[in-house]
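Before any comments, here is the structure.
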Amino acid sequence: MHNEKKGDNGVRNWHDGVFFGLHFDIHANAADQHLGRDVTVDHLLEQFQKIRPDFVQCDCKGHPGYASYPTKVGVPAPGIEKDALRVWREATKRLGIPLVMHFSGVWDQAAVERHPEWARVPSERERASGEARREVSTCPLSPYTEYMIAQMLELVREYDVDGFWVDGENWATRPCYCERCTQRFCAETGAQAAPMGEDEPHWDEWLAFTRKLFVEHVKTYADAVHAAKPSCTICSNWMYTIRQPDAIAAPVDYLSGDFSWIWSLDSALLESRFMANRGLKWDLMAWGFTSDGPMDRWEFKSAQALCQEAAVVLSMGGAFMVYDTPNRTGNLIAWHMDELAEVARFCRARQAYSQDTVSHPQALVLHAPEHYYKAMGADFFSGGHGKNAVAGAVHALMDNHISVDIMNPTDAVAHLGEYPLVVVPEQEGLPENAVAQLRTYVENGGRLLVSGAATKAFEEILGVKAREELPDAVFYVRIGQETTAVAGPRIQVEPVSARVLFACQNSRDTDAFAENTDIALATVNGCGKGRVVGLYADAFTYYHKGHYPRLRAVLGQCFAALEAQGLLSVEAPAYLYITPREKDGKLLIHLFNLASENPLSPERPIVESVPQVGPVRVACPLAKKPRSVSLAPSFEPVDWTYANGMLRVCVERVHIHEILVVE
């Protein structure tokens, strides 16, 4: 079990104690009229008292760069009729809750239009290929950061705001080829020029340099705000999450991110399992609305859909926030607030069993910055395909009812011994010390699974010798009396001491027509006191694409072959997920249901209702018999027995989220 630590500034801020919040933004623009006209203190109080949030975030400057309040140092929207921010400040002070600013950072269209010299400069290659677009992002070495600071300090001074949730930041950052940036890069590295692609020298250094400049940008404005008001928090949206898995260097006060508006459960699951292990408090924001694709045809989500998203976050101990948009005139949508009150009640019922919990370690998945950034190229903070292998591994484990934490290698090496099972999915470039620590982990009794390119660093303990890399292809794997497809590159290995678990076939048959090969898909080998499984294909990346049940079964047998001790086991459908956590000497086993009664597709993006699932049977290794086992927050009785070091519990039904409380 590992505990959280405070940030670099050592200050316990207001966010450390929050659990449920609301976010509102409008991204004011030049065409807006009557901004703020209809908002009043009484209106906000009436709506907030339905929900009783711990904090709220409201609009002050969105991506168009226009302030929705009468700024004297920025660019005020021409349509301001009433200073809505003044109203929000008064309402939140009456309620005694923090007020946080939604503030667009790197992405500021108005600043770029008024100061073209502040804009990020695309490369000549981008311009020649037509990839260059109308630039809305700023150069990290331009005066823009000081312009941001002036506006932030104005908000602190004039409105006494409690924090900034800075949007349009890392994911809006790309390499800038202006003279300022290229000259500094050449001075620091000795390069003759800034490279324009991976085919030119110093490409990796150039991308790392750009990422460093972004961190400097955040540090500069965070230091300025903290100096002006130490209790005013700074959060840069998606910084130090899956999208930016570096060691934490900037003085941010907590971590946060907003899900995509559609298919939100995927990002909720992945990000929560990384953010919970970063050593800072964190929250995740669900969009309260979705659409069939275009981001201008909003449809409010059902309360059950939002509760489902909340359950994923709460199960990992995070705070939950929901995003809605007010009318352009400033009033909140009353019936939306009624629905969010239902979501808030759902969360509050689970607060005592979710907030401030810590991991009960099961499986650990490594997310290496070295691999991720290499795969992502100039889109380094976009959270794209570079994380697909990690996502596939997490889904494969969770679909097989094995709970997951995600860490980068630097954080992981300090905690390897706590985990019964570690997975390194299809990643290259692992630091040498991490590889060495993983070998020691196995020799001391740990269970390790490595796949794809990651196997190259572990041949000795895998008990194989690599022969050749095979080209991208479709092949088949037998599972029982059926087969499943896997597509992608493979590594052909020769078993030395390893035993083959699964071999590749060239056909879908399982009878006399089967075209078997001697190419191993998976092997298992003993090493010291431990075991290691090798998967010699990009099986997790492929699983991420389709989540095919037969491939899930293959991967499940690979996990089982490791014979990891201390794992919980569950009898339930694959969409019933389990997450054990700890708090105050209690084991809290979260059961959350990701099913939907209606089919989901691009033409059906809304979860209308969640079906109940059950019975759910849980087996949990425990050193001694518990005093009690109960179910929260429903407090329905559960059947349980304890014998031979194993607690067995039957939960008759789970709707969206229930917690087994083991004392």
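With a 1.4 Å probe rolled over the protein heavy atoms of all chains, the accessible area of GLU608, GLU81, GLU582 falls in the order GLU608, GLU81, GLU582, largest first. For the range 418-497, the calculated P(r) over all alpha carbon pairs, in 10 Å bins from 0 to the bin holding the longest distance, is 16, 42, 32, 10, 0 percent. For the range 19-73, the solvent-accessible area of protein heavy atoms averages 34 Å² per residue (probe radius 1.4 Å; ligands and nucleic acids excluded). For the range 584-638, the solvent-accessible area with a 1.4 angstrom probe is 53 square angstrom per residue.
Can you put TRP282, TRP263, TRP203, TRP298 in order of accessible area, largest first, using a 1.4 Å probe? Don't skip to the end; give the middle numbers.
Values: TRP282 10, TRP263 115, TRP203 35, TRP298 90 Å².
The ranking, largest first, comes out as TRP263, TRP298, TRP203, TRP282.
Length gain on complete extension for the stretch GLU482 to THR440, per 0.36 nm per residue less the alpha carbon to alpha carbon distance?
Residue separation times 0.36 nm, minus the Cα-Cα distance, leaves 11.4 nm.
Please name whichever of TYR66, GLN49, VAL39 sits farthest to the positive end of the charge dipole of the range 1-124, dipole taken about the Cα centre and charges placed at Cβ: Lys and Arg +1, Asp and Glu -1. So the residue furthest toward the plus end is GLN49. Checked against a 28 Å cut-off, the cross-linked pairs LYS212/LYS456; LYS281/LYS387; LYS219/LYS374; LYS50/LYS301; LYS50/LYS586 give Cα-Cα distances beyond that limit for LYS212/LYS456; LYS50/LYS586. Each listed q (0.10, 0.13, 0.23 Å⁻¹) maps to a log10 I(q)/I(0) for the range 1-128 from the Debye sum over equal C-alpha point scatterers, namely -0.45, -0.69, -1.29. Go through GLY96, ALA434, ALA393 and say which Cα lies farthest out towards the positive end of the charge dipole of the chain; charges sit on Cβ, +1 for Lys and Arg, -1 for Asp and Glu. With unit charges placed on the Cβ atoms, the residue in question is GLY96.
Could you tell me which of rounded, prolate or oblate describes the range 93-153, using a ≥ b ≥ c as the square roots of the eigenvalues of the alpha-carbon gyration tensor, with rounded for a/c under 1.5 and, failing that, prolate when a/b is larger than b/c and oblate otherwise? In terms of gyration-tensor shape, prolate. For LYS586, the accessible area of its heavy atoms, probed at 1.4 Å with every protein chain present, is near 60 square angstrom. Estimated from helical segments only, the mean residue ellipticity of the chain at 222 nm is -9000 deg cm²/dmol, where each DSSP H run of four or more residues counts as -39500 (n - 2.57). The label-point distance for SER260 and LYS624, in a model that sets each label 7 Å from Cα toward Cβ, rounds to 4.9 nm.
When the range 208-267 is described by a simple charge dipole with +1 on each Lys and Arg Cβ and -1 on each Asp and Glu Cβ, the residue from THR233, ALA247, VAL215 located farthest towards its positive end is VAL215.
The range 358-427 and the range 168-228 have Cα centres separated by 26 Å. For the range 626-661, chymotrypsin sites (Phe, Trp or Tyr not before Pro) are listed when DSSP marks them as loop and at most 12 other Cβ atoms sit within 10 Å of their Cβ; the list is PHE635.
Given the protein chains as shown and a 1.4 Å probe, how many square angstrom of ASP223 are accessible, to the nearest 10? Surface accessible to solvent at ASP223 totals approximately 70 Å². Using the Cβ atoms and a cut-off under 9 Å, what net charge is assigned to the surroundings of LEU562, where Lys and Arg are +1 and Asp and Glu are -1? Taking every other residue near LEU562 into account, the sum is +1. The angle between the Cα long axis of helix 303-314 and the main principal axis of the chain comes to about 70°, on a 0 to 90 degree scale.
Mind listing which trypsin sites (Lys or Arg not before Pro) in the range 123-207 are in a DSSP loop and have 14 or fewer other Cβ atoms within 10 Å? Let's see the in-between values first.
Working: sites: ARG125, ARG127, ARG133, ARG134, ARG157, ARG180, ARG184; in loops: ARG133, ARG134.
Passing both the DSSP loop test and the Cβ count: ARG133, ARG134.
The values are calculated or read from the model by the stated rules, or taken from the named source; none is laboratory data. All values reported here derive from a predicted model rather than from experimental measurement. Reconstructed Cβ throughout: ideal geometry from the backbone, glycine too, with neighbour counts over all protein chains shown. Note: areas computed on protein heavy atoms with side chains; ligands, DNA, RNA excluded. Shrake-Rupley method; radii C 1.70, N 1.55, O 1.52, S 1.80 Å.
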